[in-house]
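Asks: Sharing a structure, written as structure tokens. Questions coming.
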Amino acid sequence: MVRCLLVDDESPAIDLLKNHIKALNDLDVVASCYSAVEAFEVLKKEEIDLLFLDIEMPVLKGLDFLKTLQNPPKVIITTAYREYAIEGYDLDIVDYILKPISFDRFVKAVDRYYERTQVTNQSINNQKESNTFFYVNVNKKHIKIVFNDILYIESLKDYVRIHTKNQRIVVKGNIGKVEKQLPSHLFIRIHRSYIIAINKVTAYTQKDVEIEELEIPVGSSYINKISSVLKMS
């Protein structure tokens, strides 16, 4: 499922997007916000794949909000104004849709999202498969981490702790950035604060995963994602 965030200060605009999304089986609305400030709080707590973003909003305009994000999700602009299109594409958006948004135009924008992510994922996967390790920066020293040594990874607000067979390494950064460096066939995100090594799991339930007798919680929004990997019932 593609996890979506809708941001628009007009209720009818959000309702229309929700109706369009309901007609597609692979999109899920995680949250809808009426301001960029509210959306910022959602992005801090949730993993969002696709952001539908209005431009003209009070307090903070959509494009100004987008500029503040260090690692933004893919973005589709939804607006009644044509004049921001060039600036929007300069920010590497997926598409720029003018209101009122027809279903056909909406589907075209979503197709562009899939085209973009397919190319990106293929490139990332090719790079991951060619490596068996990566480096992390700790106190200006680059430390080699072998994928097969990792047990699990946990988020500590502005830091990430990597648990290996022999040590714990604390790195400044967020867990999302680390996740992008890991091979998807070896690791899986089971909680917004935890990534686990699939082959290190010794037991599991729908509520937690056990690695070396340590119980790691499973986030409710990740159960469907990991059920096919760990075959939960």
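None of the figures in this text is laboratory data; all of them are computed from the coordinates on show. All values derive from a computational prediction rather than experimental measurement. We place every Cβ from the backbone using ideal geometry, glycine too, and count neighbours over all the protein chains shown.
Asks: Hey, what did the chain get for relative contact order, percent, Cα under 8 Å, at least 6 apart?
Replies: 10 percent
Asks: While we're on this one: Taking the Cα centroid of the range 45-71 and of the range 171-226, what is the distance between the two, rounded to the nearest whole Å?
Replies: 27 Å
Asks: Need one word for the chain: rounded, prolate or oblate. Basis is the Cα gyration tensor (sqrt eigenvalues a ≥ b ≥ c); a/c below 1.5 gives rounded, then a/b vs b/c decides.
Replies: Prolate.
Asks: Turning to a different aspect of this structure: Going by alpha carbons, how many degrees (0 to 90, nearest 10) lie between the helix axis of 36-45 and the longest principal axis of the chain?
Replies: Helix 36-45 sits roughly 20 degrees off the main axis of the chain.
Asks: May I pose another question? List the relative contact order of the range 133-230 as a percent without decimals, with contacts defined as Cα pairs under 8 Å and 6+ residues apart.
Replies: 18 percent
Asks: Suppose every Lys and Arg Cβ carries +1 and every Asp and Glu Cβ carries -1, with no other charges. What dipole size does the chain come out with about its Cα centre, to the nearest 20 debye?
Replies: Once rounded to the nearest 20, the dipole reads 940 debye.
Asks: Nearest 10 degrees, 0 to 90: what angle lies between the long axis of helix 11-22 and the longest principal axis of the chain (Cα atoms)?
Replies: Approximately 60 degrees, to the nearest 10.
Asks: Which residue, chosen from Pro100, Ile188, Val59, occupies the Cα position most advanced towards the positive end of the dipole of the range 56-209, where the dipole is computed from +1 (Lys, Arg) and -1 (Asp, Glu) charges on Cβ about the Cα centre?
Replies: The listed residue farthest towards the positive side: Ile188.
Asks: Can you tell me the relative contact order of the range 2-127? Whole percent, Cα pairs under 8 Å, sequence separation 6 or more.
Replies: For the range 2-127, the relative contact order is 20 percent.
Asks: For Asp26, Asp9, Asp95, what ranking results if the residue with the fewest other Cβ atoms within 10 Å of its Cβ goes first?
Replies: Asp26, Asp9, Asp95
Asks: Cross-link candidates for Lys44: which lysines have Cα within less than 21 Å, leaving aside residues fewer than 8 places away along the same chain?
Replies: Lys61, Lys67, Lys74, Lys157, Lys172, Lys177, Lys180, Lys225
Asks: If you line up the Cα atoms of the range 2-127 on their principal axes, what length do they span on each, largest first, in Å?
Replies: 43, 31, 30
Asks: Let a ≥ b ≥ c be the square roots of the eigenvalues of the Cα gyration tensor of the range 142-197; is it rounded (a/c under 1.5), or, if not, prolate (a/b larger than b/c) or oblate?
Replies: Rounded, because the longest to shortest axis ratio a/c is under 1.5.
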